[in-house]
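Asker: So that we are looking at the same thing, I have put the structure below in structure tokens.
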Amino acid sequence: MSSNGVSQMVRHPQYYIRDGNITFLAEGVLFRVHKYFFERESESFRTSFAPSGEIKDDEASDTNPYKLDVKSEEFAQFLWVWYNPKYTYSRQGKNAWLTILQLANRWGFPEVRQLAIRQLEDLQLQPVEKISTYKKYNVDNELLLPSYMALCRSPTLPSPSDGQVLTMETVLKLADARERSLLSAAASGCASPTSASASDEVLGSIVADLFGLTPRSNGATVGTGGQAVNGPDTTITLQEPEPGRRGNSSNGTQNTRTVSVIQSSHRPC
């Protein structure tokens, strides 16, 4: 081994770019890439590099790389955002975008951070994971409204292990929201109310109030099955024959008497 330890380093097979002008070291792996991407967006990297317009002779040297306290695989995933050969982001999975979000948040890359959030939204994380992840990285709380609503509609409260991830405060608010939605459904005439019986509009308002969010209000609210859930109560019309008159009328139809039952009195849930 040489005195400076260079012999222990290996060059990354994909992200050691010949015309790169900055070299990083992560877990013994050398990355030579373009400084421009880091200076363009990250104040943290801008201040650690040479002054703007000034080039250090050894910045691209293997003997004096910028050392990063991250796994080499994670840094490679982060670089992929800029060096993506397919010009598409859909090929990356959830774990890759979680890594990209974590590093973008840590190093101050706001545009990369927003990209990661958009991709995670498309991937539709499970409610508990999404809530814990978004809280950890200070992602817009408004994006958590559907996740809170999903947990409120679950047949049971979060498990003890999920509760540890969510925090006790969140679990207590979910329990409160479930109770309020059940009472609201019962008050509206639901025969067998549960926490899943309230409409999206009602439950969204309850959750937004408890968690300090802004519910989306655009008229008809679409439920989990894709149907509007806040339409007017319907009137069911039952037909029964009049006593003693079971024959047909002159137009060939059976003589009937109309009995109206208002659904809102005891609607199914």
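Asker: Condition (residue is farther than 22 Å from residue 30 by Cα, within 16 Å of the chain's Cα centre (by Cα) and free of Cβ contacts under 8 Å to residues at least 24 places away in the same chain) applied to the stretch 93-100: is it met by at least one residue? Break it down into steps so the answer makes sense when it comes.
Answerer: First, the residues of the stretch 93-100 that are farther than 22 Å from residue 30 by Cα: 93-95, 97-98.
Next, from what is left, pick out any that are within 16 Å of the chain's Cα centre (by Cα): 93-95, 97-98.
Filter again for free of Cβ contacts under 8 Å to residues at least 24 places away in the same chain, leaving 95.
Yes: the stretch 93-100 contains one or more residues that are farther than 22 Å from residue 30 by Cα, within 16 Å of the chain's Cα centre (by Cα) and free of Cβ contacts under 8 Å to residues at least 24 places away in the same chain.
Asker: If only one of 187, 196 is of a type in the set (A, V, I, L, M), over 27 Å from residue 101 (Cα atoms) and out of contact with any helix residue (DSSP H, G or I) (no Cβ under 8 Å at 6 or more places or on another chain), which one is it? So that I can check it myself, show each step before the final result.
Answerer: Working: 196 fails: out of contact with any helix residue (DSSP H, G or I) (no Cβ under 8 Å at 6 or more places or on another chain).
The match here is 187.
Asker: Also: Can you say whether residue 159 is of a type in the set (Gly, Ala, Ser) and in contact (Cβ under 8 Å) with a residue 12 or more places away in the chain, as far as the supplied structure shows?
Answerer: Values: of a type in the set (Gly, Ala, Ser): yes; in contact (Cβ under 8 Å) with a residue 12 or more places away in the chain: no.
When the stated conditions are applied, residue 159 does not pass them.
Asker: OK, next. Of the residues that sit in the stretch 119-156 and are of a type in the set (Val, Ile, Thr) and farther than 24 Å from residue 41 by Cα, which one is modelled with the lowest pLDDT? Explain how you work it out, then say what you get.
Answerer: Just the residues of the stretch 119-156 that are of a type in the set (Val, Ile, Thr), to begin with: 128, 131, 133, 139, 156.
Those still in the list that are farther than 24 Å from residue 41 by Cα too: 128, 131, 156.
On the way: 128: 97, 131: 98, 156: 89.
Here the residue is 156.
Asker: In the stretch 133-161, which residues are within 16 Å of residue 121 (Cβ to Cβ), part of a helix (DSSP H, G or I) and of a type in the set (A, V, I, L, M, F, W, C)?
Answerer: Hits for the stretch 133-161 are 143, 144, 145, 149, 150.
Asker: Is it the case, given these coordinates, that residue 106 is touching a residue at least 12 places away in the same chain (Cβ under 8 Å) and among the charged types (D, E, K, R)?
Answerer: Details: touching a residue at least 12 places away in the same chain (Cβ under 8 Å): no; among the charged types (D, E, K, R): yes.
Here the answer is no, as residue 106 does not meet what is asked.
Asker: Take the stretch 60-118 and flag every residue that is modelled with pLDDT of 95 or more, crowded, with 20+ Cβ neighbours inside 10 Å and in a loop (DSSP other than H, G, I, E, B).
Answerer: 109
Asker: Let me ask something else about it. Keeping to the stretch 1-41, report how many residues are at pLDDT 95 or above, of a type in the set (S, T, N, Q) and over 15 Å from residue 59 (Cα atoms).
Answerer: Qualifying residue count, the stretch 1-41: 1.
Asker: If you go through the stretch 174-193 one residue at a time, how many are outside any helix (DSSP H, G or I) and closer than 18 Å to residue 157 by Cβ?
Answerer: Keep residues of the stretch 174-193 that are outside any helix (DSSP H, G or I), which gives 188-193.
Next, only the ones that are closer than 18 Å to residue 157 by Cβ stay: 193.
Residues in the stretch 174-193 being outside any helix (DSSP H, G or I) and closer than 18 Å to residue 157 by Cβ: 1 in total.
Asker: Also, I was wondering about something else. Quick check on residue 164: is it surrounded by fewer than 16 Cβ atoms within 10 Å (Cβ to Cβ) and part of a helix (DSSP H, G or I)?
Answerer: Details: surrounded by fewer than 16 Cβ atoms within 10 Å (Cβ to Cβ): yes; part of a helix (DSSP H, G or I): yes.
Taking the combined requirement at face value, the residue satisfies it.
Asker: Taking residue 143, is it surrounded by fewer than 16 Cβ atoms within 10 Å (Cβ to Cβ), of a type in the set (A, V, I, L, M) and within 28 Å of residue 98 (Cβ to Cβ)? First the steps, then the outcome.
Answerer: On the way: surrounded by fewer than 16 Cβ atoms within 10 Å (Cβ to Cβ): yes; of a type in the set (A, V, I, L, M): yes; within 28 Å of residue 98 (Cβ to Cβ): yes.
Taking the combined requirement at face value, the residue satisfies it.
The values are calculated or read from the model by the stated rules, or taken from the named source; none is laboratory data. Here the structure is a predicted model, which means the values were calculated and not measured. Positions of Cβ are generated from backbone atoms using ideal geometry, with glycine treated the same way; all protein chains shown enter the neighbour counts.
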